[in-house]
Amino acid sequence: MEIPFTKMHGLGNNYIYLDLFRFEIKEEMLPRLARAVSDVHTGIGSDGLILIQPSEVADVGMRIFNKDGSEGNTCGNGLRCVAKYVSENNIVSFRKFWIETKANVVEAAVELDENDDIKEITINMGEPRLKREQIPMLGGPASKIIAEPFAVDGQQLQVTAISMGNPHAVFFVDSIEDAPLHELGPVIEKDARFPEGVNVEFVEILSDREMNFRVWERGSGVTEACGTGACAAVVAAILNGFMKKGERICVHLSGGDLFIHWDKQGQVWMTGGAEVIATGVFYLS
Ligand SMILES: N[C@H](CCC[C@H](N)C(=O)O)C(=O)O
């Protein structure tokens, strides 16, 4: 089967995008296709698969499948790439429009440079969900999970759990270089206290407006960047008193910087870039 695709990345978090305004694919093929295109040896190589599709409630819809074929509810870096794609391919004709995900409907705004090329994209990622059952996380009171003791693999950590429509477990460390990303990421991802799994973030606070960030993603492992994770990390830093609401926070991810702010109305805003890597045809056997 010949499948036309566009490969795009947001700070190195790269996906294979299918334009379902122009192409059709059977639902039951999607998990297998996500695994096939993601394989760096026998496929194209990516962190997963993203569908750009019509929506009945917004200007465009987005679905995301991780490298392992599991479907996520939303994707921050993916949303910026979708915004770029639909702007540059005349699927939308405004600079501000709405994108439907499984988690929510978000507002996207593209900013142009002096050559009318897209300079950066801002997404209103909506309100974080903080109650235990909204993460979801088992094993304690219904209240917010802020610096809660979290024993894992014989180590005593403290977890702050946030949902941006997808689950995130945030851990603050003294040095990002020493973060146990490969050692504990895969263990925490599948920990039974997170019945739907969890994205795992390690964060080093540099100042009241700057942090270092690394991520082990649910369903994809270590990625260069995670947009929803960066939002969750900033919300966690504010809940722990390291930062303040309303400030524009710079998050240093492996692949580059994202700017996040949690405004006084409770909305989390994410600003960053998006790039096209390649277009082509994938031959699914
Ligand atoms: N692995 C995530 C989906 C991708 C999120 C990430 N790539 C982002 O940019 O937000 C999950 O299963 O919830």
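Looking only at the range 182-195, decide whether some residue is in contact (Cβ under 8 Å) with a residue 60 or more places away in the chain and not β-branched (Val, Ile, Thr). Give the derivation first.
Taking the range 182-195 and keeping what is in contact (Cβ under 8 Å) with a residue 60 or more places away in the chain, we get none.
No, there is no match, as no residue in the range 182-195 is in contact (Cβ under 8 Å) with a residue 60 or more places away in the chain and not β-branched (Val, Ile, Thr).
For the condition closer than 14 Å to residue 17 by Cβ and within 15 Å of the ligand (Cβ to nearest atom), residue 50 qualifies.
Residues that are open to solvent by 10 Å² or more (accessible area, probe 1.4 Å), touching a residue at least 24 places away in the same chain (Cβ under 8 Å), among the small types (Gly, Ala, Ser) and outside the structural domain of residue 9 (by TED's automatic domain parsing) are absent from the range 239-253 altogether. Applying the condition of being part of a strand (DSSP E or B), closer than 11 Å to residue 201 by Cβ and more than 16 Å from the ligand (Cβ to nearest atom) to the range 131-189 and asking which residue is most open to solvent (accessible area, probe 1.4 Å) yields 172.
Kindly check whether there is at least one residue in the range 197-205 that is within 13 Å of the ligand (Cβ to nearest atom) and assigned to a helix (DSSP H, G or I).
Within the range 197-205, the subset within 13 Å of the ligand (Cβ to nearest atom) is 197-201.
If we keep only those that are assigned to a helix (DSSP H, G or I) as well, we get none.
For the range 197-205, residues within 13 Å of the ligand (Cβ to nearest atom) and assigned to a helix (DSSP H, G or I): absent.
The set of residues in the range 91-127 that are under 20 Å from the mean Cα position of the chain (by Cα) and more than 29 Å from residue 20 (Cα to Cα) is empty.
Here's a check for you: in the range 22-48, which residue that is within 13 Å of residue 4 (Cβ to Cβ) and within 21 Å of the chain's Cα centre (by Cα) is surrounded by the fewest Cβ atoms within 10 Å (Cβ to Cβ)? Going through the qualifying residues, I end up with 44. Would it be correct to say that residue 206 is more than 20 Å from residue 38 (Cβ to Cβ), of a type in the set (A, V, I, L, M) and crowded, with 16+ Cβ neighbours inside 10 Å? It is false that residue 206 is more than 20 Å from residue 38 (Cβ to Cβ), of a type in the set (A, V, I, L, M) and crowded, with 16+ Cβ neighbours inside 10 Å.
The values are calculated or read from the model by the stated rules, or taken from the named source; none is laboratory data. Only a predicted model underlies this, so the values are computations on that prediction, with no experimental measurement involved. Cβ coordinates were reconstructed from backbone atoms using ideal geometry, including for glycine residues, and neighbour counts include every protein chain displayed. Each accessible area value is taken on the protein alone, full model and side chains, heavy atoms only, with ligands, DNA and RNA left out. Shrake-Rupley method; radii C 1.70, N 1.55, O 1.52, S 1.80 Å.
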